[in-house]
Each structure stands twice: as structure tokens, then as C-alpha cells.
Amino acid sequence: MLKAFAELSTPLVADACVRLGVEVRVAPVGIASVAGGGRVAGRVLPVRHYGSVDVFLEAYTAARDGDVLVVDNSGRTDEACIGDLAVLEARAAGVAGIVVWGLHRDTPELVEIGLPVFSYGALPLGPLRLDGREPEALLSAKFGPHPVSAEDVVFADADGVLFVPADRVAEVLETAGAIARTERAQAERISSGDTLRRQTAFDEYLERRAADPSYSFRKHLRRVGGAIEE
């Protein structure tokens, strides 16, 4: 999955979802890579955190190579729920990365380990609680307002994190690749002096919009074959 995502980005995947009518489930603003430049893509390995690392260790027993541990810690900012030992064990289990709706700690060690980890940021304090565990602890999770499960794939890079249903991933990535090729061609033409306004027949768009206020720029781009918005 990461190989298929290698030449793409989360903005391209998001645009492809919009174009295909796939629900766009984007993680809350602020979730970022612990080490700059981190990227990850893979099947969601969901887990809900209740204050103890044991739930992570149990999740790893069901991990398949390339899975991404997606941790639901309810977006808490009063505790760090992932540290170096949990990340080392994830790597040993074949997990490709970790995405946390919450905080991490042991930042220097995580950078040295090199496994992609995404979170809201760092905090030295670990959990002081131990809450009751729900039956769905290893079956589903929430990330912000979005429910996720093993039926989803997660993509993460410098622009953020988003989730796509596994059964739509192939067409989403194919469409994202087509959008990427169009955008690269447009960028090359801009660099050569062919402005984006000329490429997109912007004057024509303004004329059509004046005559028909319902004529959107997105509709115009689809007609002329451009790509900026979706």
C-alpha cells in the first residue's frame, strides 16, 4: 500500500475521494509526524486505549505485515499513550506505522527507531488511569468524529491523515494518480510562462458564470480538463 502511495499525497487522495463521491474522513488538524517527512499507508489496525499498554500488545498479535496501528485515545492532551517500547514492539510485529488520536512521548527514541508515528505532539506524562475496557476495543476506533476499522486504509504524510474504505482504495489511488499527472503538467506549463488562467480558459469561465451563476469553477475545470479543486 505504501508503494502505491509513494508518488501521491493526502491532498491528492482527498481530491480523488471528492471526485468519486467517497466520504472524506480527515483526521483533526494538528496530527503530525513525530519525525519530519514521515509517510505511511496501510490497513487500519484499530485499538482503543484505556490507560494500559496491554491493549496494544494484544492488537499486535492480530497484526498483518503493513498494518497501521490507529490508536483512539479520545484526543486526550493530558497523557501520552505511546512510547518507545510500544513502538519497538509494533515494528517487531510488522506494523508499518502508528497514528494516534492523542499524544506520544520518548520523542528522541521514536525518531531513532524510525517507524512512522503521527500524533498531536509530545508529553512526558504517561497514563495515570485504568478505565474499563469495551468489547469493541480491538474491532473499531474513532479518530476525531470518524469511525474506523480494519475495513479501512489510512494514509498519512506531511499534510495530515485520512481514511478510505478498503474496497474503494484501488479506484481512489487510480484517480489520485490521474489528478497528479494533470497537476504536474499544469505546473510545468506555468513554469514555462503559460499561466493557469490561460490554461483553464478563465476569461471564458467568467463569461459563462456571468450568464449562468450556477456555472461553478469546478464544473468548468471538469469541462476543460484542469485540476486545481478536486
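Numbers for the structure displayed
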{"quantity": "Cross-chain or 6+ apart pairs with Cβ under 8 Å, region 53-69 first and buried (at least 17 other Cβ atoms within 10 Å of the Cβ), then of a type in the set (K, R)", "calculated": "V55/R48; V55/R133; G66/R43; D67/R43; V68/R43"}
{"quantity": "Cross-chain or 6+ apart pairs with Cβ under 8 Å, region 75-93 first and within 16 Å of I31 (Cβ to Cβ) and of a type in the set (D, E, K, R), then part of a strand (DSSP E or B) and modelled with pLDDT of 95 or more", "calculated": "R76/L103"}
{"quantity": "Answer residue from region 116-135, given it is surrounded by 13 or more Cβ atoms within 10 Å (Cβ to Cβ) and over 20 Å from D159 (Cβ atoms) and is nearest to the chain's Cα centre (by Cα) among those", "calculated": "A122"}
{"quantity": "Evaluation of Y205 against (1) under 18 Å from the mean Cα position of the chain (by Cα); (2) surrounded by 15 or more Cβ atoms within 10 Å (Cβ to Cβ); (3) not acidic (D, E) (one fails), failing number", "calculated": "(1)"}
{"quantity": "Which listed residue, of F155, F143, is at pLDDT 95 or above, touching a helix residue (DSSP H, G or I) at 6+ places or on another chain (Cβ under 8 Å) and either surrounded by 18 or more Cβ atoms within 10 Å (Cβ to Cβ) or more than 20 Å from V29 (Cα to Cα) (or both)", "calculated": "F155"}
{"quantity": "Among residues of region 63-94, those that are of a type in the set (G, A, S) and over 22 Å from the mean Cα position of the chain (by Cα), counted", "calculated": "1"}
{"quantity": "Condition met for L123 (farther than 21 Å from L45 by Cβ, without any contact (Cβ under 8 Å) to a residue 60 or more places away in the chain and in contact with a strand residue (DSSP E or B) (Cβ under 6 Å, 6 or more places away or on another chain))", "calculated": "yes"}
{"quantity": "First in region 99-118 and part of a helix (DSSP H, G or I), second anywhere and among the small types (G, A, S), Cβ under 7 Å, 6 or more apart", "calculated": "T107/A122; V111/A35"}
{"quantity": "Hits in region 156-187 - residues which are touching a Gly at 6+ places or on another chain (Cβ under 9 Å) and hydrophobic (A, V, I, L, M, F, W, C)", "calculated": "A156, A158"}
{"quantity": "Any hit, region 209-229, residues being closer than 29 Å to Y120 by Cβ and either in contact (Cβ under 8 Å) with a residue 12 or more places away in the chain or outside the structural domain of C17 (by TED's automatic domain parsing) (or both)", "calculated": "yes"}
{"quantity": "Options A86, A59, A93, A14: the member that is in contact with a strand residue (DSSP E or B) (Cβ under 7 Å, 6 or more places away or on another chain), in the same structural domain as F163 (by TED's automatic domain parsing) and within 28 Å of G126 (Cβ to Cβ)", "calculated": "A59"}
{"quantity": "Filter result (more than 13 Å from the chain's Cα centre (by Cα) and buried (at least 24 other Cβ atoms within 10 Å of the Cβ)) within region 158-171", "calculated": "none"}
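The values are calculated or read from the model by the stated rules, or taken from the named source; none is laboratory data. Just so you know, these numbers come straight off a predicted model, no measurement behind them. Glycine gets a Cβ as well: all are built from the backbone with ideal geometry, and neighbour counts include every protein chain shown.
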